[in-house]
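What follows draws every value from the coordinates through simple rules; no lab data is involved. A quick note: this is a predicted structure, and the numbers were derived from the prediction, not measured. Neighbour counts are summed over all protein chains in view; Cβ atoms, including those assigned to glycine, are modelled from backbone coordinates with ideal geometry.
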Amino acid sequence: MRKLIYEGYILINSEGLTDTWKLTIGEQTRVGSLFELRRQINFFQELGVLPPMQGHIPAQAPKARLSNRDSTKQNRNTP
């Protein structure tokens, strides 16, 4: 089974075929290709008629990265 998150909505493909992706919004379930389902999500978002999403998918905060310059400064200050 494959899962894909698009614009906060979960698309599920349990059969493995290209046209059997399943999208559930509220109590409606639609089955089709990824292209068709993505178009439907975008269309309904433009109309502003999509119900609020059930769950919240937390976004990962970007990790602070040390640049090479910062790491060399730390090495020089270390006794």
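Note on PHE43 and GLU7: the extension gain reaches 11.7 nm, defined as 0.36 nm multiplied by sequence separation minus the Cα-Cα distance.
Legend: ranking of residues LYS3, LYS22 from fewest to most surrounding C-beta atoms inside 10 Å; resulting order LYS3, LYS22. Between SER33 and ASP19, the modelled labels are 0.8 nm apart [label points 7 Å from Cα along Cα→Cβ].
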